[in-house]
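Student: Below is a structure I'd like to ask you about.
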Amino acid sequence: MARADAFQSPVTASSGTEVQVNIPAAPTDLYHRAPCGLLRCATDGTVRSSNLTLRRWLGYPHDHRFIALSDILSPPSQLFFEMQLRPLLVLGKTIDGAFVLLRRLDGDLLPVVMNAVQHPDDQSIEVAVLIVREREQYEASLKKAHSDAEQAMHAMAASAHAQKMQAVGQMAAGMAHEFNNLLTVVQGHIEFAVADALETVPASRGILEDLGRAAGAATRMAGIVRQLLAFTGQRHVRIGLLDLNTVVESSAQLVTHALAPDTIWETQLEPALWPVAASRDQMEQLFTSLVLNASEAVAASGRAGRITISTQNVPAGTLDARDHVRLIVSDTGIGMTEDVRERAIDPFFSTKGMATGLGLGLSMAYGSIRALQGNLEISSTPHVGTIVTVILPRAQG
C-alpha cells in the first residue's frame with residue numbers, strides 16, 4: 001500500500017505495460033506544509049491522501065494513513081456530512097465554513113471549520129479544515145487591528161482639530177485686541193463730538209442723531225469684541241454663584257418676543273437647582289444665542305414647532321465623580337446633518353451666510369463653557385430637531 005505522503009505517477013515498463021510507481025513527495029512540499037489540514041477522498045469516503053498538518057493536529061504519526069472519513073469525523077459530524085454536506089457536493093456545490101468535530105488519536109475532539117469541493121472529472125472530494133480557535137484568534141486579531149486603526153485615526157483627527165482651534169483662537173485674540181484699541185479711540189472721539197455739538201449747535205438734531213447711530217454701532221462692535229475675547233479666554237469676567245433658573249426666567253421675556261410664529265415655548269425647570277460658578281452676563285448671552293438658534297431652526301422647518309428649556313441636577317457618578325447641572329435647549333426644527341453637527345462649534349462656520357451671522361454663536365458659547373470646566377453637547381436629526389445640552393460643574397457654597 002502506498003504511503004499517504006507519496007504521489008502516484010503512471011510510467012511505462014520495458015514490457016510496454018503501464019504501471020503505477022510511488023514518487024515520494026519532497027519534504028518541503030507545500031501540500032504538507034500548508035497551515036491547514038488537507039485531505040482527498042473518494043465519493044464513498046475512502047481517504048486517498050492527507051497532509052502532515054492534519055495528521056499532526058490529530059496526534060497521528062507522520063506516516064499514518066487514514067482509511068476512511070469515519071476514522072476522522074466524530075459520529076455526529078459523520079452523520080452531518082452524509083445527510084447535509086454530501087448531497088450538496090453531488091450537486092456541484094462548494095461547502096464553505098461547515099462546523100465539524102474531528103476525532104484525535106487520544107480520543108479528544110477537535111473543532112474545525114470545513115471547506116470541501118467535489119471534482120466532476122475523477123469524482124474525488126478535496127477537503128480543507130481549519131482549527132476553530134486559530135480562526136477565532138485570527139478574526140480577533142483583525143478586529144483589534146481595525147479598532148486600533150480607528151482609534152489612531154480619531155486621535156489624529158482630534159489633535160488636528162485642537163491645533164486648528166488653537167490657531168484660530170490665537171488669531172482671533174490678536175485681532176480682537178487690535179480692534180478693541182481702535183474702537184476705544186472711535187468711542188472717545190464720538191463722545192467728544194457729542195459734547196462739542198451740544199455746546200456749539202444745540203439745535204442741530206441731525207448731527208446728534210448721526211452721532212447716536214455711530215455710538216450704537218460702536219457699542220455693538222464692542223460687544224462682538226467681548227465675545228471674541230471670551231471665546232479665546234483673553235477676557236476677564238466676573239464669576240459668582242449663579243442659579244441657571246434665574247437666567248432662563250430673566251431672559252424669557254426678551255427671547256419669547258423673537259420666537260418664530262406658531263412656536264410653543266415650554267420650560268421644565270428643576271425647582272431645587274444646584275448653583276454653578278459662572279458670569280450672569282455670559283450665561284444670559286449664551287442662553288439667548290441658543291434660543292435664537294432654536295427659533296431659526298423651527299422657522300426654517302416651515303411648520304409649527306416647540307422649544308423646550310430644561311434644567312436638571314446631575315448627581316456625582318452619572319458623568320464623573322462630581323455633581324453637575326444641565327441646561328438643555330431642545331427644538332423640533334429643521335435639524336442638522338451629521339457633517340454640519342460636527343462643525344457646529346467651529347469658529348466662523350455658519351449655514352446662514354455672512355449676511356445673517358458670523359458663525360460665532362456656538363463657538364463662543366463653547367469657549368465660555370470650556371473656560372468654566374464644563375461641556376457642550378449637540379445631538380440632532382434632520383427634519384426632527386436639535387438638542388443642545390450645556391453641562392457645568394456644581395458650585396460649592
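What follows is calculated from the coordinates using simple rules that are stated; it is not laboratory data. Computed from a predicted model, the values in this text were never measured in an experiment. Every residue, glycine as well, gets a Cβ built from its backbone with ideal geometry; the counts of neighbours run over all protein chains shown.
Student: May I ask you to list the residues of the stretch 82-126 whose amide nitrogen lies under 20 Å from a point 7 Å from Cα along the Cα→beta-carbon direction of S70?
Tutor: Hits in the stretch 82-126 for S70 at 20 Å: 82-87, 100-110, 125.
Student: Given a Förster radius of 25 Å and the C-beta distance between D122 and L79 as r, what FRET efficiency does 1/(1 + (r/R0)^6) yield to the nearest 0.05?
Tutor: The computed FRET efficiency comes out at 0.45.
Student: If I model a spin label as a point 7 Å beyond the Cα along the Cα-Cβ vector, how far apart are those points for R104 and L91 in nm?
Tutor: 3.6
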